[in-house]
Amino acid sequence: MTTFSVLLLAGDGIGPEVMAQARRVLDHLPDFTFDIREDLVGGCAFDAHGQPLHDDTMAAARDSDAILLGAVGGPQWDGLDFDKRPEAGLLRLRKELDLFANLRPVKLFSALADRSTLKREVIEGLDILIVRELTAGVYFGEPRGIEDLPDGGRRGINTHSYTTAEIRRIAQVALTLARTRRSAVCSADKMNVMEAGRLWREEVTATHKNFPDVRLSHMLADNCAMQLVRDPCQFDTIVTDNLFGDMLSDQAAMLTGSLGMLPSACLSIDGGRRRAMYEPVHGSAPDIAGQNKANPLAMILSVAMMLRYSCERDDLADAVESAVEQTLAAGLRTPDLDGDATTEQMGDAVIKALG
């Protein structure tokens, strides 16, 4: 019997509700023992400790095999300084654990095809993996800030930069994962107007030399955004930087009909040890928090990603994904999918389908 340590950080808003269903799935899985610890992150951590991620929580994260995170944020914390806002706790986890590889699968469940804003014939069979660099680029570059100008105006500064090492390691992740899929990677950049973009393309191309069995193509990021709407099924694996990955992954997410359906993973290799955090891509949805209306399937599918990438149990991951598919095929829907099922009822159905 394998024991695997998991830190649950439910966070704010609907986070605790969807996390409760994820824990039920963990407790139901056979042949695997989870050593589970729970703690605070985000606004609730600020309320309790005066900071969005306590140092003790950070230490627990370092000691865990994986982290499951719900969601952070809410309007009651919007007035805080950037370093105190709920999102700062999430950024600290990513940065200090060096979780540089963000995996965003965009897979259409056939039962939800008619919910997409695109025609069924355009999205049928949609299955994309977006690999986003997560710890460099414009969100972390220095210098940054807002400064006063002599004319009385102000200037906002953010620095977009990448190094060879930062580009090559994310390209290697994308190319490696593509081998488990359809062996095709499209790299999205803006090399036509950005020096960092030109370096990105050169270094991705250089990394590809070690992957002759994988097809590599390049595309300008704005064209990639258009192609995701025009013909999304042309893509298998997309690799891109932090800024473009943020935008393209959210755009691609809506092709499936609801943000409530999509999981994500943040991965790193540290001294031979894989660190990982798994979370749904949706936000904290404070407008429905505490109402038992939230869709827990993205959180449950995040568990499936943990089983696949951290636990190396493809069989259990497949079982969880199949249970979600069966639940949708049976017609159960939460309000975000135009249904009236509760969060708990969706969890019940997945557990039943798991057997």
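The values are calculated or read from the model by the stated rules, or taken from the named source; none is laboratory data. Just so it is clear, the structure is predicted and the values come from calculations on it, not from any experiment. Here the Cβ positions follow ideal geometry from the backbone for every residue, glycine too, while neighbour counts run over all protein chains shown. Protein only, heavy atoms only, side chains kept; ligands, DNA and RNA dropped before computing areas. Shrake-Rupley method; radii C 1.70, N 1.55, O 1.52, S 1.80 Å.
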When the expected Rg is taken as 2.2 N^0.38 Å, what fraction or multiple of it is the alpha-carbon Rg of region 44-194? 1.33
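With +1 on each Lys and Arg Cβ and -1 on each Asp and Glu Cβ, and nothing else charged, work out how big the dipole of region 81-221 is about its Cα centre, in Debye to the nearest 20.
540
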Hey, what D do you get for the chain in µm²/s if you plug the Kirkwood alpha-carbon radius into Stokes-Einstein at 37 °C and 0.692 mPa s? 156
Per residue accessible area of the chain, 1.4 Å probe, in Å²: 44
Listed residue (Gly156, Ala113, Ile67) projecting farthest to the positive dipole end of region 56-187, Cβ model: Ala113
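Restricting to Cα pairs below 8 Å that are 6+ residues apart, what does the relative contact order work out to for region 1-156? Please round to a whole percent.
Across region 1-156, relative contact order equals 21 percent.
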Taking max minus min of the Cα coordinates of region 10-97 on each principal axis, largest first, gives extents in Å of 46, 25, 19
In region 1-103, the chymotrypsin sites (Phe, Trp or Tyr not before Pro) that sit in a DSSP loop and have at most 13 other Cβ atoms within 10 Å of their own Cβ are Phe82
If I take the Cα coordinates of region 104-184 and project them onto the principal axes, what are the three extents in Å, biggest first? 58, 33, 14
Using modelled amide H (1.01 Å from N, peptide plane; none on Pro or chain starts), what sits under 5 Å from the amide H of Thr334, excluding residues fewer than 5 places away? Gly339, Ala341
Positive-pole candidate from Ser264, Leu103, Cys186, dipole of the chain, charges at beta carbon: Cys186
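To the nearest 20 debye, what charge dipole does the chain have about its Cα centre, counting +1 at the Cβ of each Lys and Arg and -1 at the Cβ of each Asp and Glu?
The dipole magnitude comes to about 900 debye.
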Quick check: at a probe of 1.4 Å, how many percent of the accessible area of the chain sits on carbon and sulfur atoms? 49
Order by protection proxy (mean Cβ within 10 Å, highest first), peptides 160-172, 136-148: 160-172, 136-148
Gain in length, Phe82 to Lys352, computed as 0.36 nm per residue apart minus the alpha-carbon separation, to one decimal in nm? 92.9 nm
Where in region 279-329 are there GluC sites (Glu not before Pro) that are in a DSSP coil and have at most 13 other Cβ atoms within 10 angstrom of their Cβ? Glu312
Below 8 Å, C-alpha to C-alpha, sequence gap of six or more: please give me the relative contact order for region 244-355 in percent. 24
Hey, which aspartates and glutamates would be in cross-link range of Lys84, C-alpha to C-alpha under 13 Å, not counting anything within fewer than 8 residues on its own chain? Asp47
Work out the length of the dipole vector of region 231-355 about its Cα centre, built from +1 on the beta-carbon of each Lys and Arg and -1 on the beta-carbon of each Asp and Glu, and round it to the nearest 20 debye. 360
Binning at 10 Å from 0, report for region 202-316 what percent of all alpha-carbon pair distances ends up in each bin. 11, 31, 38, 17, 3, 0
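May I ask you to derive the relative contact order of the chain, considering only C-alpha pairs under 8 Å and at least 6 residues apart, and to give it as an integer percent?
Numbers: 749 pairs, mean separation 72.9, N = 355.
Relative contact order here is 21 percent.
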Could you work out how far the C-alpha centroid of region 74-119 sits from that of region 291-347, in angstrom? 17
Through the Karplus equation 6.51 cos²θ - 1.76 cosθ + 1.60, θ set to phi - 60°, convert the phi angles of region 277-292 into ³J(HN,Hα) values in whole Hz; use x for Gly and Pro. 9, 10, 7, x, 7, 6, x, 7, 6, x, 5, 10, 4, x, 9, 6
Shape verdict for region 1-55, please, from the Cα gyration tensor: rounded (a/c under 1.5), prolate (a/b greater than b/c) or oblate. oblate
